[in-house]
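The values are calculated or read from the model by the stated rules, or taken from the named source; none is laboratory data. Quantities reported herein were computed from a predicted structural model and do not represent experimental measurements. Cβ placement follows ideal geometry from the backbone for every residue including glycine, while neighbour counts extend to all protein chains displayed.
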Amino acid sequence: NRERAWWKEASVYQIYPASFYDSNGDGFGDINGIVEKLDYLLLLGVDVVWLCPVYESPQADMGYDISNYRAIDPRYGTMDDIDTLLSGLHQRNMKLVMDLVVNHTSDMHDWFKESRSSLDNPKRDWYIWAKPRFDASGARLSPNNWASIFGGSAWSYDELTGEYYLHLFCPEQPDLNWENPAVVREVEGIMRFWLAKGVDGFRMDVINLISKVPGFPDAPITVEGQEFQPAYMHYACGPRLHEHLRALRRILDEYDAFAVGEMPWVKNEGQVLDVVRATRKELNMIFQFDIVDIDNGPSGKFARHEWGLLELKRIVEKWQTLMFQRGGWNALFLENHDQPRSVSRFASDDPRYRAYAAKMLATFIALQSGTLFIYQGQELGMANIPKDWDIKEYKDVETQNMWRSAMGELVKDENKKREYLRQVQLKARDNGRTPVQWTSNAQAGFTSSTPWMRVNDDYPTWNAEAQVTQSDSVFVYWQNLLKLRRLNADIFVYGSFELVDRDHGDVFCYRRAHGEGCSVVVLNFSVGTVDWTIPKALVGLLAYRGPLVHNYTDARRVNDGTLSLRPFEALVW
Ligand code: TEU
């Protein structure tokens, strides 16, 4: 699968519109705000914008609950604004990818309003309804024990018709019934609507959850003492997934559009390969969660798992070589709107190291094989929410739900409560959702009024205005990396991948090669200085001349077969 394609070489910039830039002073970022910043994106050197949902929505889950797929939410602007954005991007030779959220709709979508209105409404089976169960005492129970991903039961009871409907996420996000061909046709119609407008592709939200196991069997007990249980095995990569994806792909092909699917809770590599191998004609690539789940504990994201560099190496090596051998394609990312900030999470946001750490992580991800995704603010080294913020500053429905249910059980134990808050500070989705820091002015120049979510306190020093002109900034470093990647696509996008010094616990070194050309990337993932013994086969190459890329101003040279690496140092030959 080394055939060249625009979507393989592209660097994609993800925009979370509420937090990007507010052009009309209502505290929410908007589409016109993006239009105003197009030259900033051009300057950075990205090729594609992935825009998170801007469709009409009650915003129970920040737009991932859509009430009309063919209308724009007034919070974000109008359909005319979208047209302006699209032409502004195309004029600059950039592309637009929209978020397609079709596992579920909003409960305020007309389809669901109709569906819930009576048992024999024609739209009844557009959603997933089931009869209650009753226990021995006659008390009503949900149809099975599935837990919602955001906490509580995955089923909500509807008084009017006496049945439950399924929602893998919030109760305001009822799951569509993909067993019904009318639903599939409708989704195809939505895709055609946007493709005909000129959008260049889709990011497909939780696309591997659309096909559920028939009969909705109970999930096994994996978390003792919990009424509702994780049920991924019954809805992730279900029986009809591939058939549905192939149908969607046929539409994409008509428009030379591409699709990246979001696929949480995959069980094994086979499930991923079955979707992304070119010969399968399903999706071009998917987001798999191995790296961003690396620090999740057994009971979920707010239970910490201490990860080590060797674990990260195994993950990267696996996917980098697997896709190469098996004809698939990787999507590379360390951040998105559901994840904490990478510098805080995988390296250090300590002011002494933060810039080095952000550049080291940029080097790590940007020089691997696959399509590169950068999340807004990542190019500036934006960090997690400060530790002293109150839980009230966290706006995300997942954080608030989890906090409420956890605090119900833990509230008496102050230590546990503190520990849980600590996990929230490390892992909450809110960390990635604070407004983009544009300037050192009030509210980081994001809005002229009060932002919907508090601006990170560090904006006076960490902002775009300061970084675009400062030659040693994280932003300029990203610019250079993107240029390097583009100019050497043979090696960095399409080349082979080889992990070097596999068992070193602090140094991540990899070699990329194509034909006669090759590159060696050396990264110190630790906060300490490391004297690294260069593997014999590389000494000649690394000693021959200085590195091409370095994140400290003075690049060290190889001395006697060893390299002394400073905290979070990154070097590329
Ligand atoms: O995310 C799906 C998903 O897997 C995440 O919800 C993940 O489980 C969670 O973030 C862990 O903390 C997609 C969207 O990216 C997310 O923003 C939506 O909330 C969700 O789907 C529902 O549409």
Check: Cβ-Cβ below 9 Å, separation at least six or inter-chain, first residue in the range 330-342 and part of a strand (DSSP E or B), second more than 12 Å from the ligand (Cβ to nearest atom) and hydroxyl-bearing (Ser, Thr, Tyr): which pairs?
Finding: 330/369; 330/371; 331/371; 332/369; 332/371
Check: In the range 189-216, which residue that is touching a helix residue (DSSP H, G or I) at 6+ places or on another chain (Cβ under 6 Å) and surrounded by fewer than 20 Cβ atoms within 10 Å (Cβ to Cβ) is farthest from residue 129 (Cα to Cα)?
Finding: 198
Next item on the list: Restricting attention to helices (runs of 4 or more DSSP H) lying wholly within the range 194-311, give those where 3 or more residues are within 30 Å of residue 502 (Cα to Cα).
Entry: 269-276
Item checked: Those helices (runs of 4 or more DSSP H) lying entirely in the range 1-105 with at least 1 residues at pLDDT below 95 and within 30 Å of residue 166 (Cα to Cα) -> none
Check: Does residue 560 satisfy being on the phi > 0 side of the Ramachandran plot, more than 30 Å from the chain's Cα centre (by Cα), at pLDDT below 95 and not hydrophobic (A, V, I, L, M, F, W, C)?
Finding: yes
Next item on the list: Give the number of residues within the range 127-149 that are away from the ligand (no atom under 16 Å from the Cβ), crowded, with 16+ Cβ neighbours inside 10 Å and either in contact (Cβ under 8 Å) with a residue 60 or more places away in the chain or in a loop (DSSP other than H, G, I, E, B) (or both).
Entry: 4
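Would you be able to tell me the number of residues in the range 322-337 that are of a type in the set (D, E, K, R) and crowded, with 20+ Cβ neighbours inside 10 Å? Steps first, answer last, please.
The initial filter retains those residues of the range 322-337 that are of a type in the set (D, E, K, R), namely 326, 335.
Filter once more, so that each one left must be crowded, with 20+ Cβ neighbours inside 10 Å: 335.
The qualifying residues number 1.
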Next item on the list: Keeping to the range 231-243, report how many residues are more than 27 Å from residue 278 (Cβ to Cβ) and surrounded by fewer than 18 Cβ atoms within 10 Å (Cβ to Cβ).
Entry: 1
Notebook entry, point to check: Applying the selection to the range 374-398, what residues are surrounded by fewer than 20 Cβ atoms within 10 Å (Cβ to Cβ) and of a type outside the set (A, V, I, L, M, F, W, C)?
Noted result: 386, 387, 388, 390, 392, 393, 395
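Anything in the range 530-568 that is among the small types (Gly, Ala, Ser) and loosely packed, with under 15 Cβ neighbours inside 10 Å? List them, or say none. Lay out the reasoning, then the answer.
The first filter runs over the range 530-568 and keeps only residues among the small types (Gly, Ala, Ser), leaving 537, 540, 543, 546, 555, 561, 564.
Result: 537, 540, 546, 555, 561, 564.
How many residues, within the range 47-100, are among the aliphatic types (A, V, I, L, M), within 16 Å of the ligand (Cβ to nearest atom) and touching a Ser or Thr at 6+ places or on another chain (Cβ under 9 Å)? If you could, list the steps in order and put the result at the bottom.
Applying the first criterion (among the aliphatic types (A, V, I, L, M)) to the range 47-100 yields 48-49, 51, 54, 60, 62, 66, 71-72, 79, 82, 85-86, 89, 94, 96-98, 100.
Then drop every residue that is not within 16 Å of the ligand (Cβ to nearest atom), which leaves 51, 54, 60, 62, 66, 97-98, 100.
Still in the running and touching a Ser or Thr at 6+ places or on another chain (Cβ under 9 Å): 60, 66.
So the answer is 2.
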Notebook entry, point to check: Residues in the range 303-321 that are among the hydrophobic types (A, V, I, L, M, F, W, C) and either more than 30 Å from residue 202 (Cβ to Cβ) or loosely packed, with under 15 Cβ neighbours inside 10 Å (or both): how many?
Noted result: 4
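Which of the residues belonging to the range 343-368 are part of a loop (DSSP other than H, G, I, E, B) and buried (at least 23 other Cβ atoms within 10 Å of the Cβ)? Working first, answer last.
Let us first name the residues in the range 343-368 that are part of a loop (DSSP other than H, G, I, E, B), namely 347-353, 367-368.
Selection gives 347, 367.
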Check: Are any residues in the range 454-485 crowded, with 17+ Cβ neighbours inside 10 Å and not in a helix (DSSP H, G or I), and if so, which ones?
Finding: 454, 455, 456, 458, 459, 462, 463, 473
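Going by what's in this entry, would residue 294 be described as touching a residue at least 12 places away in the same chain (Cβ under 8 Å) and over 13 Å from residue 206 (Cα atoms)? Don't jump to the end; show me each part of the working.
On the way: touching a residue at least 12 places away in the same chain (Cβ under 8 Å): yes; over 13 Å from residue 206 (Cα atoms): yes.
Yes; evaluated as a whole, the condition is true for this residue.
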Checklist line | Selection count, the range 150-171, where residues are surrounded by fewer than 21 Cβ atoms within 10 Å (Cβ to Cβ), under 23 Å from residue 401 (Cβ atoms) and at pLDDT 95 or above | finding: 6
